[in-house]
Structure formats: C-alpha cells, structure tokens
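To start, the structure under review is shown below, and the notes come after it.
The values are calculated or read from the model by the stated rules, or taken from the named source; none is laboratory data. These numbers come from a predicted model, not from an experiment. Cβ: placed from backbone, ideal geometry, glycine included. Neighbour counts: every protein chain shown. Ligands, DNA and RNA are stripped out before the accessible areas are found, and what is left, the full protein with its side chains, is counted by its heavy atoms. Shrake-Rupley method; radii C 1.70, N 1.55, O 1.52, S 1.80 Å.
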Amino acid sequence: MDFEKGAFYFFATILILAALRVITARNPVHAALSLVLSFFTAAALWLLLEAEFLAIALVLVYVGAVMVLFLFVVMMLDINLDRLREGYWDYLLPALVVAGVMVMEMAVILGGRYFNLSEMPKPSGADPGYSNTRELGGILYTDYVYAFEIAAVILLVAIVAAIALTLRKRKDNKYQAPSKQVSTRRADRVRLVSMPAEKRDPGEAS
Amino acid sequence: MEWLAEIIGAPAAATLWTLAKIVAIVIAVTLSVAYLTLAERKVIGYMQLRLGPNRVGPKGLLQPFADVLKLLVKEIIIPTGANKFLFISAPVLSLMPALAAWAVIPFTDGAVVSNIDAGLLYVLAITSMGVYGVIVAGWASNSKYAFLGAMRSAAQIVAYEIAMGFALVCVLMMSGSLNLSVIVDSQRTAYGLLGWNLLPLLPMFVVYFISAVAETNRAPFDVAEGESEIVAGFHVEYSGTAFAVFFLAEYANMILVSALAALMFLGGWLSPFPFLPDGFFWFAAKVAFLLFCFLWFRATFPRYRYDQIMRLGWKVFIPLTIVWLLLIGVLMRMSWWPW
C-alpha cells in the first residue's frame, strides 16, 4: 500500500466516524463539532485528489465561517432533547425509504456498469507547475462569468432579504449618530465659568 | 540532505528534513513568544515610567523562563460541570492554527517549508479556525463569564475576518498570485521602499493591521478578555499549562499576523533602500516593528466599546476595502500604474 492510499483510508475512516458522531451525539454542540471535523477531513480528501483550491475553500468557508455561526446558534439555544426525540419511530420508515433510494442511486453511479465509467480515461495527474486556483479563476471569470455573477447577486439578495425579514424597528429604540458624536465641540458639553477666588469668612466653622 | 538520503533512502530523508524544518520553526516561534512577553512588559513598563521585570537573570532576560516554569508546575483545575474533553482540547485547538500557518511563510528567498501556490488562501483558511479554541473554551468551561467572552470573540473575529480578507484581495490583485514568495518578489523594484505594496495600498495596510489587532483579541479590541467587565473572558477558568497554551497561541498569532503584514505590504525580506542588500534581517526588523506597534497600542488606547467595534468593522472597514478594491481594479485596467 503506497502512502497516498494509506492517507486516503486514514482520512476516510476519520470522516465516517465523525459523520456517524454527527447523527448519534446526544449533545448538539458535540454534533456540530463533529461536523467541523468531518468537513476538515473531507477537505483533506480533496487535497489528495489534487483539488487544493476546493479543499482550502471548504475549510475557509464551511469550517471557518459557516460552522462558527452554527456553533454560535447551537450553544445559545436551549435545546430540549426529549422533544427532539418525539416521533422518532413515526419518521423512521420514510427516512429509511429515502436513505435506501440514496444508497441505490449512489451504487448505480459509483458501480459504473451502466454509465460506461470503465470506458472513461483515467484522469492523469497534473504536472507540478499546474495551479488549480489559477485555472479555476480563469474559467470562472471568462466562460462562466454570467452564471458566476448571477449567483453572487442571488446571494446578495438573500442576505438583504434575511435582514429585511428579521429587522424590527421599534419606536423607542435609542440610536447613536457617530457623525454627530465626532462633531461635538467642547463648548456643547462644558461651560467654563470664570469666578474670582473668595476668602473664607474666619468666623465660620469649617 | 544528500548524505542523509544515501543512508536511509530519499523518501525517509525528505520526511526527516521536513520534520527538522518544522521543529526549527516551532522552537523559533516559541522562543520569540517567550521574549515577546518580556518585551511587552519592558516596553509597557518604560511607557508607564516603570522599569519592568529586571530581577531574574541579567536585566530580567530570564524572566520568561521563570514564568513558564511557574505555569508548568501549577495545577490545572477543571471546573465542576465542565466538559472535560472539550475543556482540555480547546487550548490545543487555538494553538494548532497559530503554528500550522507558519508552513507557508517564507523567511527569506526560498527559505519556506512548503512553497505552495495557494499559500495566502491556506493561511486564511488555517487562521480562520483559531476561533474554535475560543468558542469551545467558553462553552466547555460551564461559566457565564467565559461564555460571554466566547460570544463576543466569535462575533468580533467573524466581522473582522471579512475586512482582512478584502484587504488581502487587493494585495493579490497587485501581485497576481497567491504564493507568498511571489507576492514579495512582485514588490521588488529599483525604487526600494517606494515599490512596496505599502504605498498604493496604504489604507488597506491600515485596515489589515487594525483588523489583525482585532483578530488576535489584543487591546484596544480585547473585549473577549475584558478583565474589567467579564474578568478574563473565555480563559477565566483555565490555569497552569492550559492557560499557558492559550497565552502561547495568542502571542504566536500576533507574530504570525505581523509576519503576514510584513510580507504583503512591507516587502518581506526586501531592503527599503536599493543600495543595501536584501536578507532575513529586514524581514525580522519589519516584524519586530509591527510587534512593537501591538505593544504600543496596548499601552496607549483604552478599550473600545463593543458596539463601536462592530460599527468600525462592518460600517467603516468593509465599505472602505470594497471602494479600494474597485479603485485598484480601475487603476490596473487603465494601466495608470507608474511602475
């Protein structure tokens, strides 16, 4: 077994164990952290496939940003495990059907007998000077530029919509106006009064 | 390395050689962290008209080792109700990215463990994982103060990562590469320091450096620790070695972001004057200056209020970076570049 194969089995084992932990862990924070681990190992597997840009993007976007916010929410929610487990047996049958269909579809594709996968040429390893990132950037911004830009605009609309849906303006909210704050001068806040010194009356007790 | 390959074969020799490089970097970073803590106490001491530590060793030079020894022999207390596994793994989670990111940092021409093409992306991806240490520590401690610190820190790091990323996008537009060595080489001109990215990207340098201070949870953005409000934030329950590891991670991160700023904006190992030779010492001097700025800020500025931090990140830095991105794009397209 060469190094690459060994690394693949190592990462694949961790990935499957972590993915199992995601669905079996009782504590939602543990489940979320296991999901982080499975994303990270999936990125390592992509690195083995010489898809370094996708691997790094997976870590950057999913591990570095999405899962952080996810954990943020999961930690603050007061999750009642008993209520989550309600109706487990009712959902079991449909879930098994869906899972069975998914396994069958994957077996059909990965088995490859029906799609003539064996006739496809094996992907050849890239030469050392090949930059995955540069190629991907070139294609994204030339051939697929419209699709790319439209996807970006849709995402932007989704962000704006999410904020617009959840933003509730209250009349009694107190706001700060930083532009007004910085333009405040000393005279607006403090008035210095010139006052002559007074002698204390010697007869008065202090 | 060749003689080693003859004895034990090429793959084993390559592995050993890489391991040796990793150990060298880890030792160098750890020693730098040790002396950075001493420098911090000395610099802030002098700024506040004190002497700073001067008792252990000549001029206090052995003070960091005394501190480390003290932390190592202290007991690690695990709070009741804390999640033991996560409580212990949180410091490791915060130290790992701070050390792993050094793999792609070039110290001088060719002196880099792994000269990968997507180096900058790798650094961004790895450092974005540092926040897990803080969040997990805050949650696993089973303490309100620690949890508040973790929440603050997570929001702050996520906010400033965007500004930081956009500032770096400007750099890679200028140099047309994600490889850190190529980014430094693209700043090599006949004009010395005028050719660095510092001049055309001056606002981006400021944004990057301030975001870096916020990302590393240093004063004046240290609300995650906020010792006057939430006692010490996420690491309030940590003691002994576990606390030392958090400390190590924070300072290693400071050195890392300073090194990145030096590479991307200040020309790395390039000399500022064309008649002087390039070399590692220029890189070291730039990093040392940026680290001094970290300490200087801490001695100078009062802590930001939390809503002001958020406003600065989202409403000032991110629009500024986007405008500069557009400007740089137009300049490059029109070839109005003087060099």
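Summary table
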item: Subset of segment B:157-176 (residues that are touching an Asp or Glu at 6+ places or on another chain (Cβ under 9 Å) and open to solvent by 30 Å² or more (accessible area, probe 1.4 Å)); result: B:Glu161
item: Test: residue in segment B:40-62 that is within 25 Å of B:Glu215 (Cβ to Cβ) and in a loop (DSSP other than H, G, I, E, B); result: no
item: Residue check, B:Met96 within 18 Å of the chain's Cα centre (by Cα), open to solvent by 40 Å² or more (accessible area, probe 1.4 Å) and of a type in the set (A, V, I, L, M); result: yes
item: Number of the condition not met by B:Gly110 [criteria: (1) away from chain A (no Cβ under 11 Å); (2) surrounded by 19 or more Cβ atoms within 10 Å (Cβ to Cβ)]; result: (2)
item: Qualifying residue in segment B:163-174 (condition: modelled with pLDDT under 85 and away from chain A (no Cβ under 13 Å)); result: yes
item: Pick from segment B:129-143, criterion over 15 Å from B:Ala249 (Cβ atoms) and buried (at least 24 other Cβ atoms within 10 Å of the Cβ), ranking: nearest to the other protein chains (Cβ to nearest Cβ); result: B:Trp139
item: Any hit, segment B:70-85, residues being at pLDDT below 80, open to solvent by 50 Å² or more (accessible area, probe 1.4 Å) and either within 14 Å of chain A (Cβ to nearest Cβ) or within 24 Å of B:Ile255 (Cα to Cα) (or both); result: yes
item: For B:Thr241: the one exception among (1) surrounded by fewer than 22 Cβ atoms within 10 Å (Cβ to Cβ); (2) more than 22 Å from the chain's Cα centre (by Cα); (3) not in a loop (DSSP other than H, G, I, E, B); result: (2)
item: Number of the condition not met by A:Ala18 [criteria: (1) modelled with pLDDT of 90 or more; (2) open to solvent by 50 Å² or more (accessible area, probe 1.4 Å)]; result: (2)
item: Odd one out for A:Phe148, checked against (1) closer than 30 Å to B:Gly176 by Cα; (2) within 14 Å of chain B (Cβ to nearest Cβ); result: (2)
item: Of all residues in segment B:114-128 being open to solvent by less than 20 Å² (accessible area, probe 1.4 Å) and facing another protein chain (nearest Cβ under 9 Å), the one that is farthest from the chain's Cα centre (by Cα); result: B:Ala118
item: Among (1) exposed (fewer than 14 other Cβ atoms within 10 Å of the Cβ); (2) within 13 Å of chain B (Cβ to nearest Cβ), the one test that A:Ala57 misses; result: (1)
item: Residue among A:Gly111, A:Gly129 that is within 14 Å of another protein chain (Cβ to nearest Cβ), closer than 26 Å to A:Ala51 by Cβ and modelled with pLDDT under 75; result: A:Gly129
item: Positions within segment A:60-90 being away from chain B (no Cβ under 14 Å), under 29 Å from B:Trp139 (Cβ atoms) and part of a helix (DSSP H, G or I), in sequence order; result: A:Leu81, A:Asp82, A:Arg83, A:Leu84, A:Arg85, A:Tyr88
item: Selection within segment A:141-197 - closer than 27 Å to B:Lys315 by Cβ, over 31 Å from the mean Cα position of the chain (by Cα) and part of a helix (DSSP H, G or I); result: A:Pro178, A:Ser179, A:Lys180, A:Gln181, A:Val182, A:Arg186, A:Asp188, A:Arg189
